[in-house]
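Following: one structure in structure tokens, then a few remarks.
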Amino acid sequence: MADLSTSIAGVALPNLFFNASGVWCQHESELKELLDSESGSLITKSATFEHREGNPSPRYVPLPTGSINSMGLPNEGFEYYLNYAKNYDYTNKKPLFVSLSGLSLQDNVKMVEQFAAADLPCVLEINFSCPNVPGKPQLGYDMEAMENALKVLAPIVKKPFGIKLPPYFDIAHFDAVAAIVNKIDNLAFVTCVNSVGNGLAIDFETETAVIKPKDGFGGLGGAMILNTALANVNAFHRRLTGGKQVIGVGGVTSGKEAFLHVLAGASAVQIGTQLKEEGPSFFARVKKELEEIMQAKGYKSLDDFRGKVKTL
Ligand code: SIN
């Protein structure tokens, strides 16, 4: 039998799969469906300090090779997810991750302070990479601001936590971001990658952008971003020190891409577009497919092949 168990930030997951923040996780009813699924964990929708309606619709559209979205952080406001985390049954085998995406450092400080005060066993993933809030550039592309934010937030979080990063496309940027991450002791993982920001999908017949916000500009996800995601996972796996981990996201539509993420160095794998399209039953399929691949290749655990991609 192939063993899909893993651990992130010192917390055990029965298997490596969970949702990418933003998909199937805004409301308790969706989180309940994730709990009832074969996912190994679950993460809540990125919370802002106040409730947000998000951007006007249409704001998510599937494409032949993935998806485009400009959701604009619709969420119930941070207290909703704090209460969810307070009431969560931590005897459940699935650990809980909570995503925070303050619109300012001050908002992130206020939210993190309240989580620290509640002293819950959930794990925080702070989102530095939403490309869809008009007028708010992605923090992950401003190295100085990101380092400053981490230096302020990490001592407040105290416990191991993670950040969600945008995709990077230059070796100098992998080096620079990894150097920042390596300076922060309790920054235990990076989640790579958020959507590839500000793509544009146009309908050939109507000659019109397919989503409404931001003149049609939105984050790309799904199969078309697999290779960018694998490169980011591997780049950070190679550079991070002190046991820091990488969670892979991007382009997983079957067990095969999940296998590639682990081979690139992922310790867990989140699912975005495919979960949105197929629903939580996807977790049973992707688990089975990965188990079959591991059996066929003679791997018993994820450690047997994690990060072991060969180069020519
Ligand atoms: C969104 O709500 O716009 C997506 C969240 C994200 O990409 O971080």
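Solvent-accessible surface of segment 236-312, averaged per residue with a 1.4 angstrom probe and all protein chains in place: 45 square angstrom. Taking every alpha-carbon pair under 8 Å whose residues sit at least 6 apart, the chain reaches a relative contact order of 21 percent. What does DSSP give for segment 159-290 in terms of the percent of beta bridges that are antiparallel, rounded to the nearest 5? Rounded to the nearest five, the antiparallel share is 30 percent. Amide H contacts for residue 271 (H built 1.01 Å from N in the peptide plane; partners 5 or more residues away or on another chain; cut-off under 5 Å): 18, 19, 20. Per the Kirkwood formula applied to alpha carbons, the chain shows a radius of gyration over Rh ratio, Rg over Rh, of 0.94.
Expressed as a whole percent, the accessible surface of segment 1-158 that belongs to carbon and sulfur atoms is 52, based on a 1.4 Å probe. Rounded, prolate or oblate: which fits segment 13-172, taking a ≥ b ≥ c as square roots of the Cα gyration tensor eigenvalues, rounded meaning a/c under 1.5, else prolate when a/b beats b/c? It comes out rounded by the Cα gyration axes. Over segment 78-141, the pair-distance histogram of Cα-Cα distances with 10 Å bins from zero comes to 20, 48, 25, 7, 0 percent, rounded to whole numbers. Each of residue 208 and residue 296 was given a label point 7 Å from its Cα along the Cα-to-Cβ line. The distance between the two points is 4.4 nm. Sorting 86, 287 on solvent-accessible area from highest to lowest, probe radius 1.4 Å, gives 86, 287. Taken over segment 111-222, the percentage of Cα pairs per 10 Å bin, counting from 0 up to the bin with the maximum distance, is 13, 38, 29, 15, 5, 1. Per residue, the average separation of C-alpha pairs within less than 8 Å and at least 6 apart gives segment 10-119 a relative contact order of 29 percent.
For segment 259-312, the calculated P(r), taken from all Cα-Cα distances in 5 Å bins from zero up to the bin holding the longest distance, is 4, 18, 24, 25, 16, 10, 2, 0 percent. Within segment 23-154, antiparallel bridges make up roughly 40 percent of the DSSP beta bridges whose residues both belong there.
Between residue 289 and residue 105, the FRET efficiency estimated from the beta carbon spacing at R0 = 45 angstrom works out to 0.65. With the convex hull drawn over the C-alpha atoms of segment 104-151, the volume per residue is 87 Å³. Between residue 171 and residue 91, the distance separating the two model label sites (each 7 Å from Cα on the Cα→Cβ line) works out to 5.4 nm. Using a probe radius of 1.4 angstrom, the carbon and sulfur fraction of the accessible surface of segment 208-279 is 50%. Size descriptor for segment 200-312, Kirkwood hydrodynamic radius: 15.5 Å (Cα pairs only, one decimal). Taken as entire DSSP H runs, the helices of the chain that both span 15 Å or more between Cα atoms along their own long axis and average 0.5 or more on the Kyte-Doolittle scale are 143-157, 171-183.
In this structure segment 99-158 gives 43 Å² per residue of accessible area when probed at 1.4 Å with all protein chains present. Per residue, the chain reaches -10500 deg cm²/dmol at 222 nm when only DSSP H runs of four or more residues are counted, each adding -39500 (n - 2.57).
The values are calculated or read from the model by the stated rules, or taken from the named source; none is laboratory data. Keep in mind that this is a model prediction, so the values were computed, not measured. Glycine gets a Cβ as well: all are built from the backbone with ideal geometry, and neighbour counts include every protein chain shown. Calculation scope for accessible area: heavy atoms of the full protein, side chains included, ligands and nucleic acids excluded. Shrake-Rupley method; radii C 1.70, N 1.55, O 1.52, S 1.80 Å.
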